[in-house]
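Q: Below is the structure I would like to discuss, written out as C-alpha cells.
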Amino acid sequence: MKKQIFNLLILLLIFYSDNNTAQSVYDKLISIPPNQLKLNGFVGMKTDLIINNKVKTHDYDYLVEPFRNKNETHLWQSEFWGKWMLGAVASWEYTHDPVLMGIIDQAVIKLLETQLPNGYIGNYPPENQLTNWDIWGRKYSMLGLLRYHDISENTQALEAAQNLADHLLTQLGPGKTNIIKTGNYHGMASSSILEPIVLLYNKTKENQYLEFAKYIVDQWETPEGPQLIKKALAGIDVADRFPPPKRWFSPENGQKAYEMMSCYDGLLELYRLTGKPEYLSAVEMTVDNIIEKEINLAGSGSAFECWYYGNENQTLPTFRTMETCVMTTWLKLNNSLLRLTGKSKYADNIELTYYNALLASTKFDGTEITMYSPLLGYRGPGERHCNMDINCCSANGPRGYLMMPHYAVMTSPDQIYLNLYGESTASATLFENNKILLEQHTEYPVSEKVLITIDPERAEDFTVALRIPSWSKQTDIRINGKNIDKIVPGTYKRIKRKWNKGDKIELQLDMRGHLVRLNNYVAIQRGPILLARDSRFGDGFVDEAAAIQNEDGFVELQISEEKPAEIWMAFTAPVKLGTDIEATSNLPVQIHFCDFCSAGNTWDKSTRYRVWLPEPLNVTETNSKNH
C-alpha cells in the first residue's frame, strides 16, 4: 500500500511538472576551488602519484592517433583521449601546474587538427558512423573539450565542441536516425551524450541543444528505449530491467552499469536546467536500488560490467567483477547528487568507494590502474583494448582520484561542509571575502581521531557541518574542549556559532572492528575500511575456514607494526582456524588483516588475498532440532 501511494505521488509530480513552467535548480553545495585544498598524508601521496606517474606521463599524441585514421568499424579507441583529458583538467585544477597545462594545451591542439570540415571528430568512416561506439567516443571528445574550455576559455575548443554537436544533429533526431537505434545497450551508450549536450547548451544558450537533450530523454521512454525514468520510478531493480541477453555485449543488454549511470549523469544535468522532479526522483531511486542490491563491502559492483544482484552474490568468486569504469562513474554520480541534494548518504558512498575500490585498483606506485579488483585472488594489470597499449579503465581511473578535491570541502552561503577527513589544509570563503582556513591533523582512517583547526580572517557567525558517517555509531565532538551533543550517524552535525581564530574541533569516530556475515562467510570492516587476509603475512592459508572471535558483532582489532612496506595499515584479530575444534591448536590465534587497497598490491600472482572467509558451522550453537 505504501509503495502504491508513493508511486501515485510520483505520477502527480510528473503531471505537475509537465503542466507548469519548470525552473532551473541550483546545487545546495558548492565545491571550494580545488587549488585551495592540499591533501596530505596517504591520500595526498596517492593523488600526487596518480598525477605525476599516470596523468602527466601519458603520450597524448598516441591517444590522438586513432582520430587521424578514420577506418574503425566497431571499437572504442576514440574514448581514450577524452577520458584522459578529463583527468588531466581536474589534475590542473588541483595543482595549477604550468607544465601540465602545457601538456593539456598541446593535446587539444593535436585533437583539433583531426576535426573534419563538417565538424566530425572521431575515427569511424562515414559509412560506419552512428554504429557501435562512434557516438560514445564523440561524447568523450565533447566532454574533454568543454572541460578544457572551463579552465582556459579557449574559444577554439568551444567552437570545436559546438561544430561536433552540430554535425551530430544533422544525423540524429526527428526524421533522421533514432539515437536509441544506434550503438549498444538499448541506446544507452549513444544517448549518454546527453551530458555534454546539456553542458554545451549552458555555455551557448542555443535552443537546438536543449531541444536535442529533451529528444534524447523522450526516446528513452519509448518501447525500444531503456526506459530509464519509467522503470526507475516503478522500482524495478537495475539488474532486472530487461531479460538476459542472448549476446552479452550487444544492443539488447539493458543492465550495462557504466552506460546506465552515464545516462543518469546527463539526466541530472538536465534536471538542473529544467527542475523536473521526476528526473531527480528517477536517479535517486536508482542509486538507492544500486546501494541495496549491487554495491559490495568495497563500495563497488558489477560483473562483466553489468548489474547482477552483486550485493547478495559478493561472497562468490566472480569473473570480471568491480570494473574500475563502473566504480569511477559511481563516484561521479554520487558526487553530483551530493551537490544537488546536500544529503550526507552520498558522501558516505563516496568515502566507502574511494578508500576501498578506487585505491585497490591502482598499483602501489601509481603507474597503472587495473580493470577489475575482485574481493579475492591477486591483483594485476587489465587487458589491452582496441589494439592499443591502454584500456578503458586505465584511461578513466585518474578521474576518480581527482574528484576528491572537489568532494573534500564544500560550502553553501553560510556553511562549510567537511566531507573528507584526513591530513589536509583548505581555504573556504564565506560572506564578504572572509577566508576561513581549515587544517586537519590526523592519521584517519588509521586513527579514529581528527583534530580540525578553524582559522577565519575575522571572527564571524557561520556553520561548520561535520559529516557523521552512518557506520560511526558512537561519535564524540568537542569544540575548544566542550562536548557537543545530539550527534546522529548518517547526517551532518551542523555547528553554528561565532568562530574565532584558532578554534579547535576534536572529532572521534567509532572505528571498532565490525563483523559482517553473509551466505556462511564472514568479513571485517573497520570504519570505512574493508579488511582482508594477505599471504605476505605468512600466517596461514588465506582461504582457510575462519571463526572470527567477536562480541555482539564487534571484533577486537590490534594495530600491527609487523607489515610489508607496501601495506598501508595492518591489524590482528582473534581467529579460530579450520574445522578441527577439538585440536589444541584450534585455540584462537592472532591472524593478520590489512586494508583492502593494500591487499595483494604487489601485482604478483604469488601474493594472494581474500576478503570473505568461509565460516565453519558449529551445530552446537544453532537452535535446530535433532532428528
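Q: Checking the conditions here, which among T315, T286 is touching a residue at least 40 places away in the same chain (Cβ under 8 Å), of a type in the set (S, T, Y) and out of contact with any helix residue (DSSP H, G or I) (no Cβ under 6 Å at 6 or more places or on another chain)?
A: T315
Q: Go through the range 229-247 and give me each residue that's on the phi < 0 side of the Ramachandran plot and under 24 Å from the mean Cα position of the chain (by Cα).
A: I229, K231, A232, L233, I236, D237, V238, A239, D240, R241
Q: Which of the residues belonging to the range 517-533 are open to solvent by less than 30 Å² (accessible area, probe 1.4 Å) and either in a strand (DSSP E or B) or among the acidic types (D, E) (or both)?
A: Hits for the range 517-533 are V522, A523, I524, R526, I529, L530, L531, A532, R533.
Q: Look through the range 62-87, keep the residues that are assigned to a helix (DSSP H, G or I) and out of contact with any helix residue (DSSP H, G or I) (no Cβ under 6 Å at 6 or more places or on another chain), and return whichever of them is farthest from P126 (Cα to Cα).
A: For the range 62-87, the residue satisfying everything is Y62.
Q: Moving to a separate point now. More than 14 Å from the chain's Cα centre (by Cα) and modelled with pLDDT of 95 or more: is that true of N419 in this structure?
A: Considered against the rule, which asks whether it is more than 14 Å from the chain's Cα centre (by Cα) and modelled with pLDDT of 95 or more, N419 comes out as yes.
Q: Answer yes or no: is there a residue in the range 256-269 that is modelled with pLDDT of 95 or more and open to solvent by 20 Å² or more (accessible area, probe 1.4 Å).
A: yes
Q: With the requirement that a residue be open to solvent by 20 Å² or more (accessible area, probe 1.4 Å) and either within 19 Å of N313 (Cβ to Cβ) or touching a Phe, Trp or Tyr at 6+ places or on another chain (Cβ under 6 Å) (or both), what does the range 341-383 give you?
A: L352, K363, Y372, P374, L376
Q: Still on this structure, please answer the following. For residues that are outside any loop (DSSP other than H, G, I, E, B) and under 16 Å from G527 (Cα atoms), scanning just the range 538-577, find the one that is nearest to the chain's Cα centre (by Cα).
A: A570
Q: I'd like to know if the range 44-53 contains one or more residues that are closer than 24 Å to T204 by Cβ, open to solvent by less than 40 Å² (accessible area, probe 1.4 Å) and in contact with a helix residue (DSSP H, G or I) (Cβ under 6 Å, 6 or more places away or on another chain).
A: The answer is no; no qualifying residue exists.
Matching residues to (1) touching a residue at least 12 places away in the same chain (Cβ under 8 Å); (2) surrounded by 22 or more Cβ atoms within 10 Å (Cβ to Cβ):
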{"residue": "S535", "(1), (2)": "yes, no"}
{"residue": "S560", "(1), (2)": "yes, no"}
{"residue": "T579", "(1), (2)": "yes, no"}
{"residue": "L587", "(1), (2)": "no, no"}
{"residue": "W603", "(1), (2)": "yes, no"}
{"residue": "T607", "(1), (2)": "yes, no"}
{"residue": "R610", "(1), (2)": "yes, yes"}
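Q: So for the range 416-426 (the condition being assigned to a strand (DSSP E or B) and either within 16 Å of R478 (Cα to Cα) or free of Cβ contacts under 8 Å to residues at least 40 places away in the same chain (or both)), does at least one residue qualify?
A: Within the range 416-426, one or more residues are assigned to a strand (DSSP E or B) and either within 16 Å of R478 (Cα to Cα) or free of Cβ contacts under 8 Å to residues at least 40 places away in the same chain (or both).
Q: If you go through the range 113-138, how many residues are open to solvent by 10 Å² or more (accessible area, probe 1.4 Å) and over 30 Å from the mean Cα position of the chain (by Cα)?
A: 11
Q: Follow-up. Return the residues of the range 117-158 that are in a loop (DSSP other than H, G, I, E, B) and of a type in the set (S, T, Y); say none if nothing qualifies.
A: Of everything in the range 117-158, those that are in a loop (DSSP other than H, G, I, E, B) and of a type in the set (S, T, Y) turn out to be Y120, Y124, T131.
The values are calculated or read from the model by the stated rules, or taken from the named source; none is laboratory data. The structure presented is a predicted model; accordingly, all values stated were derived computationally and were not measured. With ideal geometry, Cβ positions are generated from the backbone for all residues, glycine too; neighbour counts draw on all protein chains shown. Keep in mind that these areas ignore ligands, DNA and RNA; they rest on the heavy atoms of the full protein, side chains included. Shrake-Rupley method; radii C 1.70, N 1.55, O 1.52, S 1.80 Å.
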